[in-house]
1. Give me the residue from the range 494-506 that is open to solvent by less than 10 Å² (accessible area, probe 1.4 Å) and not small (Gly, Ala, Ser) and, out of that set, modelled with the highest pLDDT.
2. Checking Thr294 against (1) at pLDDT below 90; (2) open to solvent by 40 Å² or more (accessible area, probe 1.4 Å): exactly one of these is not met. Which one?
3. Among the listed residues Tyr174, Tyr195, identify the single one that is of a type outside the set (A, V, I, L, M, F, W, C), modelled with pLDDT under 80 and buried (at least 16 other Cβ atoms within 10 Å of the Cβ).
4. Of the residues Asn162, Asn141, which is open to solvent by less than 50 Å² (accessible area, probe 1.4 Å) and either at pLDDT 90 or above or assigned to a helix (DSSP H, G or I) (or both)?
5. Among the candidates Ile448, Ile484, which residue alone is under 23 Å from Leu347 (Cα atoms), of a type outside the set (S, T, N, Q) and at pLDDT below 90?
6. Given the criteria at pLDDT 90 or above, charged (D, E, K, R) and in a helix (DSSP H, G or I), does Lys182 qualify?
7. Against the condition touching a residue at least 24 places away in the same chain (Cβ under 8 Å), under 24 Å from Leu472 (Cβ atoms), open to solvent by 50 Å² or more (accessible area, probe 1.4 Å) and touching a helix residue (DSSP H, G or I) at 6+ places or on another chain (Cβ under 8 Å), how does Asp542 come out, does it pass?
8. What is the number of the single condition among (1) within 24 Å of Ser432 (Cα to Cα); (2) modelled with pLDDT under 85; (3) in contact with an Asp or Glu (Cβ under 9 Å, 6 or more places away or on another chain) that Asn208 does not meet?
Amino acid sequence: MEPLKFVDFIYDPVWKYIPITEIEKEIINTDIFKRLRNIRQMSLAYITFSGATHTRYEHSIGTMHVAYKIAKKIEKLKRYADFIIEGDEKSYETTLQFIRIAALLHDLGHPPFSHTVEWVFQRYPNLYPGGKYSHDIYTSNLIKENSELKKLLNHKIINYTNISKFLVGELKKYKHISILHKLIDGDLDCDKVDYIVRDNYHCGLPVNIDIDLIADSFVLKETKGKKDSDFPVNIAIQLKLDKINIAENLLNSRYQLISTIQYDKKNRIANYMLMNAMKDFLLKCKKNATIDYTKLLANIHEEWTDFDAYCKLYGNPRGNKKPNNIGLQAIQGNIANEILQVKMKFLDPIIKNNYFLFEKEYPCRIRAENMLIKDQKMDLMLDFSFISPPPLTLSVTYYENRLNLIDGDERKPISSSVLNASNIIKGILKDSIQNSFIAVYSNTNPKISTNQLIEKIYGIIDKENIDYRKTLCDNNEILPCDFILLILSALRDFGKEIVEHIRLWATGVVNLQEFAISFIKDIDFKCEKISSIESKYSSYFDVLLNKLTFLGLIDQRVKSTSLPGITLPEEEKVRIYFERLDHCLNYIGKKYIRKIPTKYLEIKNKLLDRLIKNKDLYTDYIVKRDKLPKEERSQFLNSCRNKMKDKKLPILSV
């Protein structure tokens with residue numbers, strides 16, 4: 001029996017029969033939502049993939065359906081809903097209806113041409129008031145301000161204010177609902193599930209993914225809440241270990257979507273040309289004193305469809321004149337030529353690392369392109385293409401019902417990161433990094449030496465990195481990758497102090513993360529990405545270490561380690577083994593350290609001095625361990641590790 005009352009249905013090519021409730025039917029018929037019928041989901045991908053003409057409208061309805069399927073399958077959700085909304089006989093129904101509406105509205109403020117306008121605001125923050133643009137935040141504000149939605153969403157819990165806060169992760173009042181935000185904006189959320197399946201399907205590359213299997217892959221992890229809290233437990237969504245293959249299939253399909261479809265040559269070049277056209281249009285409008293630029297931005301997000309944007313860029317779409325704007329040429333399928341493409345996996349490790357500065361630093365991209373145009377004296381487009389890595393913050397629950405840690409009378413499931421639980425997902429991360437590339441486009445076929453062009457681009461990348469790091473250094477700031485490399489460099493040098501030519505490894509991701517967070521507080525440089533880490537395990541930190549490994553600057557080894565104090569019911573005490581990752585700087589990483597600003601070496605030297613002062617502790621830990629009897633060794637090593645933590649030292653191994 002369905003907990004919600006459905007009054008109608010929509011037949012969808014991907015999920016087939018999608019039932020809808022009365023309030024959903026009314027929302028779908030509002031003018032603001034019907035606008036999504038004329039915004040293509042994949043922008044100009046139809047130039048190569050003729051079936052890619054589906055819209056944000058059907059994606060939004062599909063996302064609602066996926067969210068419902070997953071939320072309904074999560075065990076214990078009904079119990080939490082009943083606990084929080086005490087006295088409300090329809091508490092569980094209210095929770096499910098809330099998540100359905102939030103999913104339905106999640107793309108309401110999306111601008112035309114998919115993410116192209118979003119890229120413009122990211123690269124040119126001066127074109128958006130305040131400089132920080134997100135269509136998610138715009139959608140949240142739009143829900144609060146739209147008169148049609150305000151009339152419809154007026155329930156005590158399902159109201160426009162709560163929906164708006166929920167979509168940006170700011171709903172704190174109803175915890176059983178707020179934790180479901182991960183279903184809308186998380187690692188394997190309903191948005192990703194729908195667009196991965198839908199986009200591949202319409203591009204003629206269907207994937208074999210069962211929505212019911214996905215829905216059955218999640219579990220609520222419980223830990224004790226604060227004693228003075230109104231809610232007795234903290235709850236978080238995790239993936240079941242025996243369903244890890246579902247995540248692997250989904251993330252592999254996502255990689256196929258990005259690498260094969262989104263980064264198809266024609267699709268990629270066409271969207272780059274369109275982005276430049278939108279940028280020129282917005283710059284022109286902003287400089288025009290007769291145009292209300294704020295109102296124009298509101299119209300783009302609330303009224304414009306793809307056709308409206310096309311008309312504004314082109315004028316009369318049925319005119320006979322041939323467009324001289326590169327973006328309009330792209331819309332008509334007349335795309336530029338790719339005169340160069342170089343993949344990261346073929347580059348020197350130091351150049352690879354320097355290249356990834358451009359992943360988020362959009363001003364660096366613009367300066368690099370301008371330098372190349374000026375040097376070559378021709379109109380070129382320099383594209384830094386990054387295949388976004390798989391989302392990795394989701395945890396995996398091991399042995400939820402079978403295996404328990406001994407901790408008094410409390411039983412806890414063991415959790416691990418999805419990255420460490422699957423070599424397939426780790427391989428997708430590696431390929432995402434190594435298959436990123438540099439490309440150069442031109443509207444003509446210029447006679448140009450490819451080797452000279454590559455050398456010039458390398459020089460530009462190197463110069464931008466030197467200038468950027470110098471600016472950071474002058475402001476007492478440091479990039480996370482440089483900070484980690486300096487720590488590992490100090491460990492490499494310290495190895496020679498203990499035993500000549502010994503190679504010291506930073507032991508485990510969590511131990512190295514814990515030390516890095518502690519050490520950043522003791523130096524004069526700021527690194528916001530590191531200092532802002534709050535969780536015991538950070539997927540960001542883990543991915544950073546893996547990225548430096550895949551780029552070739554550090555080495556990584558896998559060590560098997562056991563967790564003591566684990567029992568299986570009705571069995572003798574056993575030892576369960578997990579993989580631990582250790583890291584150390586290699587020779588190429590050492591060469592890279594020589595190129596960073598000299599002032600940064602203060603960080604390395606400060607750590608090295610601290611290590612040398614505690615040389616005896618490390619000598620005992622490394623040299624004496626093998627001389628002790630087996631029964632004494634474990635206690636001795638634990639004692640040494642505790643001393644290292646107390647003295648704010650890294651835990652090392654050989």
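The values are calculated or read from the model by the stated rules, or taken from the named source; none is laboratory data. All values reported here derive from a predicted model rather than from experimental measurement. Heads up, the Cβs are rebuilt from the backbone with ideal geometry, glycines too, and the neighbour counts pull from every protein chain shown. These accessible areas exclude ligands, DNA and RNA; they are computed on the full protein's heavy atoms, side chains included. Shrake-Rupley method; radii C 1.70, N 1.55, O 1.52, S 1.80 Å.
1. First, pick out the residues of the range 494-506 that are open to solvent by less than 10 Å² (accessible area, probe 1.4 Å): 494-495, 504, 506.
Next, from what is left, pick out any that are not small (Gly, Ala, Ser): 494, 504.
On the way: Phe494: 90, Leu504: 87.
My answer is Phe494.
2. (1) is the only condition that Thr294 fails.
3. Residue meeting the stated conditions: Tyr174.
4. Values: Asn141 fails: open to solvent by less than 50 Å² (accessible area, probe 1.4 Å).
On inspection, the qualifying residue turns out to be Asn162.
5. Details: Ile484 fails: at pLDDT below 90.
Matching residue, one of Ile448, Ile484: Ile448.
6. Criteria not met by Lys182.
7. Details: touching a residue at least 24 places away in the same chain (Cβ under 8 Å): yes; under 24 Å from Leu472 (Cβ atoms): yes; open to solvent by 50 Å² or more (accessible area, probe 1.4 Å): no; touching a helix residue (DSSP H, G or I) at 6+ places or on another chain (Cβ under 8 Å): yes.
The answer is no for Asp542.
8. The single condition Asn208 does not satisfy is (3).
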